Amino acid sequence: MPAPVLLGELRLILPELILCGGALFVLVYDMFQRRERSQRCGVLALLIVGLAAWDGIRLWMVPGVWAAAPAQTAIFWGMLSADPLWAFFRLLFLAAAGAVILMSVFSHELWRTRAGEYYALLLIATASASFAAAACNFVMLVLAVETLSLSAYVLAGYLKGERPAAEASLKYLLFGSVASGVMLYGLSLLYGLTGSLDLASLDRIGPENYPVFIPVLALVLVGLGFKTGAAPFHFWAPDVYQGAPTPVTAFLATVSKGAGFAALIRVVSPHFDAGSLAPYGMRTVDVFATPTDLSSLFWLLAVLSMIVGNFAALRQRDIKRLLAYSSIAHAGYLFVPFTAANPSGLSAVLFYIIVYFLATIGVFAGVVMIHNRTGTFEIGRWTGLFHRSPVIVVGLGVMLWSLIGLPPTAGFVGKWKLFFAPVEAAAAGPLPLFHYSVVFVALLTSVVSLYYYIGILKVMCFSGTDDRALRFRSGPLERACILALALPLILIQLQWQPLTDATLRALGQPVRSASAEVAR
Amino acid sequence: MDHLLFNFGLVAVFLIVGFAFVYGALLFGSLLRPRLYGRDKMRIYECGEPTIGSSWIRYNIRFYMVALVFLIFDVEIAFLFPVASVITWFRDAGLGLLAYAEIVTFVVILLIGFAYAWRYGNLDWISPEPATGKGVKPPTSLLVAGRAELALAAQRSTAAPRTAGGEETASSAE
């Protein structure tokens, strides 16, 4: 009798239920509001996210929920996997969504629109991002990713009267539907190979089918590569990031991208033993170890994303376009450990996702604040902001410093962990050149990124004051928000062990002692 | 399952034969047929009727609105039938209330969608009231609009000014 089991399992998806129910409530609430009061929906949405996060924290803290073996964590007849990894990503997405909602409330771009549907879509998108991080069935994966995408298409074009917004929405829709079409095609072939939609069924593919299996997985990677904004599938990013309202851009750069990586981790992480993804000439029984295997695909994605993102960003004058290319580059950095396929690399990915979320949300919050006053996204016109509001500029500087990956910030630790994974694999495995090359490209392009990030700071600090900047004066709340996002980046650099432990716990790996971590 | 590559080979044979059949026939026909082009022959074929106007007209968005609202009820019916067919099984198992609660939840969600369309005037065909209330009214149904009005509307939409921050145009966003 499945039904009583199902009722108990509803308890495990309570945060998502709160989000979905909250979205409907916001929608109905807005129906009975006068237009001037529509913005109250933002506060309501913030409360709903807070409520969901409260329950999400409970699900993260309670150890008994996922003490069972991996096979027993599957709920709803093997659709979702109620494990720490899900709890980890859920909290991350809820935190980011809360920040995005706060940004939306204060953003001048959205003041005159009706807010009910905006926040309803944002809540639904967050819930589906969380489901994407939990899916252990391909149908559930597609459903979650598509719900996320459909909400995002509408959100990207939310400023209806504006042409760039319409362009963003249409472009996003067209690219997204082609990408998910290709992914669905790959999944249908995968179903033909295994006869099952379970993610675990990938293990059952025999060696005689490898020549088909790898191209099929490449097709699946197209869909996830689109979501993560990796390089051959990145063409939508600059225009969508520019045309969408800034809070939505922040949402796309964090939650949407994070959901892509979460789904990717779901698909490949069971095969992340030392060397099992290793490329070229390691013919073992493992599905990923074939001559043209998945590591090489990840290598390609990582290298292309880092080069395209960082070099294209050099020429950008619009801050949102620049951040779009920067987010493509960061997708590349996050793909680096996937080439090594060792467990420590996976925890590095989770670690860097946290750091990246903090820094990106912070930068976008700064962009919203500056745009509210100056009315422009052009970096060249942000001259002399340092003299008007040093706190905001210093906060923004910390976040950009972290995105570069320079020492006094968490970005340094994150990147160090990311790039250390292939080095580790190179030391242990038979293919040092394969691993060292990706690290080499990563380090080189990080140096390139220094130029355009510092360029923003240079304009704000060392150029003369523009008359637009004269109107700028930050409020205490704004200063508090920026500092609240900038300080953790410094604190993580001072003491990153708790965060590392959290990522290890999310992955179900044994938590190492603090002294061992420092010794590394 | 063992020789899946071989099965793909069969598919490839079908593809090759299919392509050869179609393009072979087209090629064969192009070699044989006479080439006589005239004004009448190059006209658009529209079921034998003379064509009227350009096919590049803009449809009224409300057609799509109505289609979406129809979809609400369509989906509702499509999903209620399977439930209706197994509801007796649930009742006999003593879970009738659970099944009922589930389907009520489903219908309520759909009804919220319907209420949303109703509240924002997507069901009013005749007089669409702009949500902002102020400023220009949208042009009346483009399907019945005269040629001059069509041109005017097209001109208006292409010549819409874009401001730097977009704050001015945002007022006419809805």
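Read-outs throughout are calculated quantities, based only on the coordinates presented, and are distinct from any laboratory measurement. For clarity, every value in this text was computed on a predicted model and none was experimentally measured. Note that each Cβ is placed from the backbone with ideal geometry, even for glycine, and that neighbours are counted across all protein chains shown.
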Query - Spherically averaged projected area of the stretch A:347-494 from its Cα convex hull (nm²) - result: 9.1 nm²
Report summary line: So the pair-distance distribution of the stretch A:10-135, from every Cα-Cα distance in 5 Å bins, comes to percents of 2, 12, 22, 21, 16, 11, 8, 5, 3, 1, 0
Query raised in the report: Any idea how far the Cα center of the stretch A:150-210 sits from the one of the stretch A:21-40, in Å?
Result: 31 Å
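Can you give the convex hull volume of the alpha carbon atoms of the stretch A:133-219 per residue, in Å³?
Per-residue hull volume (Cα only) is 82 Å³.
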Report task. Kindly provide the pair-distance distribution of the stretch A:102-184 built from C-alpha pairs, with 10 Å bins from 0 and whole-percent values in order of increasing distance. Result -> 17, 43, 30, 9, 0
Query raised in the report: Listed here are the pairs A:320/A:415; A:171/A:417; A:160/A:415; A:171/A:415; A:160/A:458; A:171/A:458; which of them are more than 29 Å apart at the Cα?
Result: A:171/A:417; A:160/A:415; A:171/A:415; A:160/A:458; A:171/A:458
Report task. Output the relative contact order of chain A, whole-number percent, from Cα pairs under 8 angstrom with separation of 6+ residues. Result -> 13 percent
Query - Placed amide H near residue A:75: partners under 5 Å, 5+ positions off or other chain - result: A:80, A:81, A:82
Query - Estimated FRET transfer efficiency (residue B:43, residue B:78; beta-carbon r; R0 30 Å; 0.05) - result: 0.10
Query - Computed lengthening from residue A:198 to residue A:490, 0.36 nm per intervening residue step minus Cα-Cα distance - result: 101.0 nm
Report task. Provide Rg and Dmax in Å for chain A, with only Cα atoms included in the calculation. Result -> 22.2, 73
Query raised in the report: Using alpha carbon centroids, what distance separates the stretch A:299-313 and the stretch B:66-101, in Å?
Result: 49 Å
Report summary line: Any residue on another chain or 5+ positions along whose placed amide H is under 5 Å from the amide H of residue A:137 is listed here as A:199
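Taking the inverse of the average 1/r across all pairs of different Cα atoms in the stretch A:77-231, what Kirkwood radius in Å do you get?
After inverting the mean inverse Cα-Cα distance, the result is 17.2 Å.
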